[in-house]
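Written below as structure tokens is the structure these notes are about.
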Ligand SMILES: [Zn+2]
């Protein structure tokens, strides 16, 4: 697959959608595909494609949770709307903070950090 061409074609689809462009702020241009960003430093078509590729084998182990995460990811117009599944081995210095009626709370350092 020609990656550059593919990015171009998915972003062209986005720019032809009038509802996506009406009344939206100018977030500048995507550095990856040179199309208008959909959010602050966020290009929706690029990130949808990127996560399709990067997380295709990543699973929470629960089909409903995976579908929920995927649904959020494909609809996120900016980083604030985005969620990712993080497997336990991506954390270090995991520490129990507290437990109560709804579960146990841990804190940890996410080695790689969130996507940008
Ligand atoms: Zn882009």
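Scan region 32-41 residue by residue and report those that are in contact with a helix residue (DSSP H, G or I) (Cβ under 8 Å, 6 or more places away or on another chain) and surrounded by 20 or more Cβ atoms within 10 Å (Cβ to Cβ).
Within region 32-41, 33, 35, 38 meet the criteria.
I'd like to verify a number: residues in region 88-97 that are modelled with pLDDT of 95 or more and on the phi < 0 side of the Ramachandran plot, how many?
Total satisfying the criteria: 6.
Only one of 78, 13 is within 15 Å of the ligand (Cβ to nearest atom), surrounded by 10 or more Cβ atoms within 10 Å (Cβ to Cβ) and at pLDDT below 90; which?
From the options 78, 13, the qualifying one is 13.
Mind checking which residues of region 16-31 are at pLDDT below 90 and surrounded by 13 or more Cβ atoms within 10 Å (Cβ to Cβ)?
20, 24
The values are calculated or read from the model by the stated rules, or taken from the named source; none is laboratory data. Note that this is a predicted model, so its numbers are computed, not measured. Using ideal geometry, Cβ is built from the backbone for each residue, glycine included, and neighbour counts are taken over all protein chains shown.
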